[in-house]
Amino acid sequence: MFQTAPGRKRGRSARLAAGTLIVFGLAVLVVPFVARLDQHLVDLTATSLSPRPAHPFGTDEMGRDVLLRAVYGLRVSLLVGLVAALVSVTIGTLVGLVSGALGGIADRIIMRVVDGLNSIPHLLLGIFIVAMLTPSVGAVIVSVALTHWTTTARIIRSEVLALRSRPFVDAAISGGSGRLRIVRRHFLPHLSPQVALAAVLMMPHAIWHETALSFLGLGLPPHLASLGNMINDGSRSLLAGNWWASLVPGLFILLPTLAISALTQHWRDRTSPRERSELQL
Amino acid sequence: MSRALARMVIWRVAFTVPLLLAVTAGMFALATASPFDPIRQYLGDRAQTTSPEIAARIRENWGLDRPVIEQYLDWLGSLLRGDLGESRSLHRPVVDVIGDRLGWSLLVVAGAMVVMLVISLAVGALAAWRRNSWLDRFITGTAYANEAAPVFWTGLIAIWIFAVQLRWLPSGGLTDAAATTVRPTDVLRHMILPVAVLAFSQSSWLLLFVRESLISTLREDFVTGARARGLRERTILFRHALRSALLPFITLLGARIPELVTGAILVETIFSWPGVAGTSVRAALAADFPLLAALTLLATLAVVVGNLLADAAYVIADPRVRVLGVS
């Protein structure tokens, strides 16, 4: 098949991104079976070791292996991010559906609420919510989910508005379907790809928020190996020159995020080539 | 023009009042549901030794035994009178805390915005002009990675390179630890890293936007026309293409203010900068409701005002909107 040079390059970066995700995915799934991490174990005979064969990314100021903890941290972050993304996409889908299906004054009110919520900086609102709840994994999930459903609600609402004017909806109404049935049988199946994409795109965002809250000391409990906690812990020994304890966990946030955004970019280019961006990597 | 502008401003202000009311109500509801007891917080370690009668008297004194609605209206009333309450963690009036720190935050944010605009315009234009070259690929690649990197991580890298390895710049704070007075040169030296990190972290989307918008503008007929008339490439790029490519960018800049606040929170925390944004983290760690609520309201107001300014600037900048009115 004929392919232009940028097209080939696009394919290559997508393969690279997929490879990165597979490597991280396998690490997260397999490593716990090979090497267990005791979250409370410290080894004061091996504090702040620089990278060496026994510890490829060194040890932190408590003598804990940075690589192993980063893998476990990614696990925690992925799990928290996944749950938070699912909850926020569910809320967003419901709100968007209700808003789009009801229309009229209800739609207007709901959309103003969405606008209003978007006027509060997400991290600040998240910080507020976490501060007012008892610190726990649940508080982080609630905080991320409550601040992020608005984007999904907007997308789903505009999709519903577009669906409403389609002939098959008119046909269903003529056939005697009620509002609930139209939503369940006609809107939801049409919306499922959008919902899935929204969830995938929400993941890196949710992970970012979880790590940011943990970094600020407001997120997950401090002994738990999470990427934000590790960067926070490591930042204290950074001034002594130990770069590995804080900079390595950051790579575990950066690379998967980059890979997911490259893949969605690739997917968008393939499904809607007319809107293909000028960006190439 | 002025009528269109006035109508927009009135609409926005009409929207802002219920918004701020809703934000206060939401925050108060959350605080009421919160498991933290303000009395215990106020007493701290003394909570163990204070007799329940005294605690009950404080509770009565603070009005915590009255219905929630009444408490809320009370709080709202004092907010409207300009009394933001007293910070429970810093033991000072919230107004004083904000007054002391707002200036430092504005200094860093304004500095970062200027640097961000200049750099992303210049570098974005460069990438668009040399598109598909290795330079362009390097610039867009860096911008993409920067977009994915958390700003607190980028900040730590900057500290490690410039403060630990090279020892060129201080790693944080407003002045040297030994300094007794605030000297402008000292502050300036301490400002460089926070401003640079905030500007860098916020610049990638702008840079990518400038590049993309400029590339599609360079394909338009009026650019071909300008080339055909033999104008210099630089004139075409900066005087013709960039001007037209930048219009939507004004609105985008307004829409990015929440991100700027987020960035400021993290950057001020990393560099121990004594601004309001970093203070919100301290307030949150201490579950200091009066301070945190005031700061959240302040940030919301900043976002609303910023959006309004951006839209007003758009009306002034785009002659089509200016003549035909806001659609």
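Numerical summary
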| read-out | value |
| --- | --- |
| Gain upon complete extension [residue B:252, residue B:272; 0.36 nm per residue less C-alpha separation] | 4.3 nm |
| Relative contact order of chain B, defined on C-alpha pairs under 8 angstrom at six or more residues apart (%) | 25 percent |
| Per-residue mean of C-beta atoms belonging to partner chains within 10 Å, peptide B:150-161 | 6 |
| Approximate spin-label separation residue B:168-residue B:132, in nm, with each point projected 7 Å along Cα-to-Cβ | 3.6 nm |
| Full-extension gain in nm, residue B:32 to residue B:66, via 0.36 nm per residue minus C-alpha separation | 11.0 nm |
| Accessible area of segment B:1-157 belonging to carbon and sulfur atoms, whole % at 1.4 Å probe | 64 percent |
| Sites residue B:13 and residue A:43 - FRET efficiency at Förster radius 41 Å, r taken between beta-carbons, to 0.05 | 0.10 |
| Rg/Rg_globular for the protein assembly as shown, with Rg_globular taken as 2.2 N^0.38 Å and Rg from C-alpha atoms | 1.04 |
| Using θ = phi - 60° and Karplus 6.51 cos²θ - 1.76 cosθ + 1.60, couplings along segment B:228-240 (whole Hz; Gly, Pro as x) | 4, 7, x, 6, 5, 4, 5, 4, 4, 5, 8, 7, 9 |
| Where A:24, A:33, B:200, A:128 fall by accessible area, highest first, once all protein chains stay in place (1.4 Å) | A:33, B:200, A:24, A:128 |
| Span-like helix ranges in chain A, DSSP H, alpha carbon extent 18 angstrom or more, Kyte mean at least -1.0 | A:5-34, A:66-102, A:104-118, A:137-164, A:188-215, A:244-271 |
| Point-to-point label distance, residue A:134-residue B:224, nm (Cα→Cβ direction, 7 Å offset) | 6.9 nm |
| With all protein chains modelled, accessible area of residue B:37 [1.4 Å, Å²] | 40 Å² |
| Phi to ³J(HN,Hα) by Karplus 6.51 cos²θ - 1.76 cosθ + 1.60 over segment B:268-275, Hz, x for Gly, Pro | 5, 5, 4, 9, 6, 7, x, x |
| Occluded residues from segment B:2-23, i.e. those whose accessible area drops by 10 Å² or more once the chain is not alone (1.4 Å probe) | B:15, B:19, B:23 |
| Centroid-to-centroid separation of segment B:232-281 and segment A:85-137 [C-alpha atoms, Å] | 25 Å |
| Karplus (6.51, -1.76, 1.60) ³J(HN,Hα), θ = phi - 60°, over segment B:168-184, in Hz, Gly and Pro reported as x | 7, 10, x, 8, x, x, 9, 9, 4, 4, 7, 5, 9, 10, 8, 9, x |
| Among B:268-280, A:158-170, B:187-199, the order from most to least packed when residues are scored by Cβ within 10 Å on average | B:268-280, B:187-199, A:158-170 |
| B/A buried area, accessible surface, summed, 1.4 Å probe, Å² | 4400 Å² |
| Extension gain, residue B:189 back to residue B:25 (0.36 nm per residue minus Cα-Cα distance, nm) | 54.8 nm |
| Helix-only [θ]222 nm of chain B, DSSP H runs n ≥ 4, -39500 (n - 2.57) each, per residue, nearest 500 | -23500 deg cm²/dmol |
| Residue B:87 long-range amide H proximity, modeled H, under 5 Å | B:92, B:94 |
| Probe 1.4 Å - accessible area at residue B:62, Å² to nearest ten | 100 Å² |
| Residue-normalised accessible area of the protein assembly as shown, given per residue in Å² at a 1.4 Å probe | 50 Å² |
| Cα→Cβ-extended label distance, 7 Å offset, between residue B:83 and residue B:96, nm | 1.6 nm |
| Local net charge near residue A:252, Cβ-Cβ under 11 Å (Lys/Arg +1, Asp/Glu -1) | +2 |
| Inter-centroid distance (Cα atoms) of segment A:216-275 relative to segment B:201-225, Å | 29 Å |
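The values are calculated or read from the model by the stated rules, or taken from the named source; none is laboratory data. Computed from a predicted model, the values in this text were never measured in an experiment. Note that each Cβ is placed from the backbone with ideal geometry, even for glycine, and that neighbours are counted across all protein chains shown. With ligands, DNA and RNA removed, areas are computed over all heavy atoms of the protein, side chains included. Shrake-Rupley method; radii C 1.70, N 1.55, O 1.52, S 1.80 Å.
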